[in-house]
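To start, the structure itself, in structure tokens.
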């Protein structure tokens, strides 16, 4: 109806729901789904996702701007790197479109960047715990925290380059590296800064991709019709579900997807997925048991320690 693909809308709804529930990067989910499940060409998938994300990001950023949980100095220095980075990445992307092997080259790019994104998600778990420990021992820092210009600009440049080439990386990589650079930054400001810094980069990238990339407006509209209610619903549900198990499952799925995009047979990708499920399942069970043990050992109302029947969510 009116050129809208209901299958893409359903896919947008699912990915939006997962993003709202887990906070994981939408491009890392959406671009591979477009390529592998819906048969969209890699070039069209990247362009569509850059444009759709550029429309979605300002909504989340505005919430944090109103709440004053944005470090504008970090946004400025990240943008100094990310805006020229996304232009350069888009130039590479457009140059490749003229080659006979454009689709295969872009698939390979997406595959390697997905592997980097999954690695960043895994590292983020450890880095996040380390940062939480540091914030417990030192005063958390807010929007006046001093900025380290050189590493921040380099981070922006690398992420902009990757987003221009593959649409992946604006969230999954930035948060992890910011945690390493600024471990005392308050979590709410970290999230708000990440969302806000992506807006100018994605707007510039979207203009470039819409003007020169392999762009389809109907793919973008079909995706947004599902993504917008999906993210809203997922965010509402996240208040009752922490999304930890789902994040682990998605990391395994993205790792198997990356291997598939890099040309591995379906059997190999499936075996990687199966092994990954076993590993993350063991990690998740161990963390649950550890959390329950901590709750059981906690003293009640300042009195002597006693076993608690409280269930850890």
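Only helical DSSP H runs with n ≥ 4 go in: add -39500 (n - 2.57) per run for the chain, normalise by residue count and round the 222 nm mean residue ellipticity to 500 deg cm²/dmol.
The per-residue figure over the chain is -27000 deg cm²/dmol.
Among 237, 56, which comes first, second and so on when ranked by fewest other beta-carbon atoms within 10 Å?
Final ranking by Cβ density, sparse to dense: 237, 56.
If you rank 194, 214 by fewest surrounding Cβ atoms within 10 Å, what's the result?
Fewest-to-most ranking of 194, 214: 214, 194.
Does region 218-280 come out rounded, prolate or oblate, given a ≥ b ≥ c as the square roots of the eigenvalues of its C-alpha gyration tensor, rounded meaning a/c under 1.5 and, failing that, prolate meaning a/b above b/c?
In terms of gyration-tensor shape, oblate.
Going by alpha carbons, how many degrees (0 to 90, nearest 10) lie between the helix axis of 244-261 and the longest principal axis of the chain?
In the chain, helix 244-261 runs at an angle near 30 degrees to the longest axis.
Please work out whether region 1-117 counts as rounded, prolate or oblate from its C-alpha gyration tensor, where a ≥ b ≥ c are the square roots of the eigenvalues and a/c under 1.5 means rounded, while otherwise a/b larger than b/c means prolate and anything else oblate?
oblate
For region 250-279 and region 163-238, what is the separation of their Cα centres, given in Å?
24 Å
I need 5, 100 ordered by Cβ neighbour count within 10 Å, fewest first.
With the sparsest Cβ surroundings first, the list reads 100, 5.
If you fit an axis through the alpha-carbon atoms of helix 266-297 and take the longest principal axis of the Cα set of the chain, what angle between them do you get, 0 to 90°, nearest 10?
Approximately 30 degrees, to the nearest ten.
Quote the FRET efficiency, to the nearest 0.05, computed for residue 126 versus residue 10 with a Förster distance R0 of 35 Å and r equal to the Cβ-Cβ distance.
It comes out at approximately 0.50.
Between residue 233 and residue 80, 0.36 nm times their residue separation minus their Cα-Cα distance comes to what?
51.7 nm
Relative to the first principal axis of the alpha-carbon coordinates of the chain, what is the inclination of helix 26-36, with its axis defined by its Cα atoms, in degrees from 0 to 90 and to the nearest 10?
50 degrees
How would region 56-182 be classified by its alpha-carbon gyration tensor: rounded, prolate or oblate, with rounded meaning a/c under 1.5 and the a/b versus b/c comparison settling the rest?
prolate
By how many nm would the segment from residue 95 to residue 282 grow when fully extended, if each residue of separation counts as 0.36 nm and the alpha-carbon distance is taken off?
So the chain would gain 62.8 nm between residue 95 and residue 282.
Each reported figure results from applying straightforward, stated rules to the coordinates on display, with no laboratory input. In this text the structure is predicted, and so the values were computed from the model without any measurement. Heads up, the Cβs are rebuilt from the backbone with ideal geometry, glycines too, and the neighbour counts pull from every protein chain shown.
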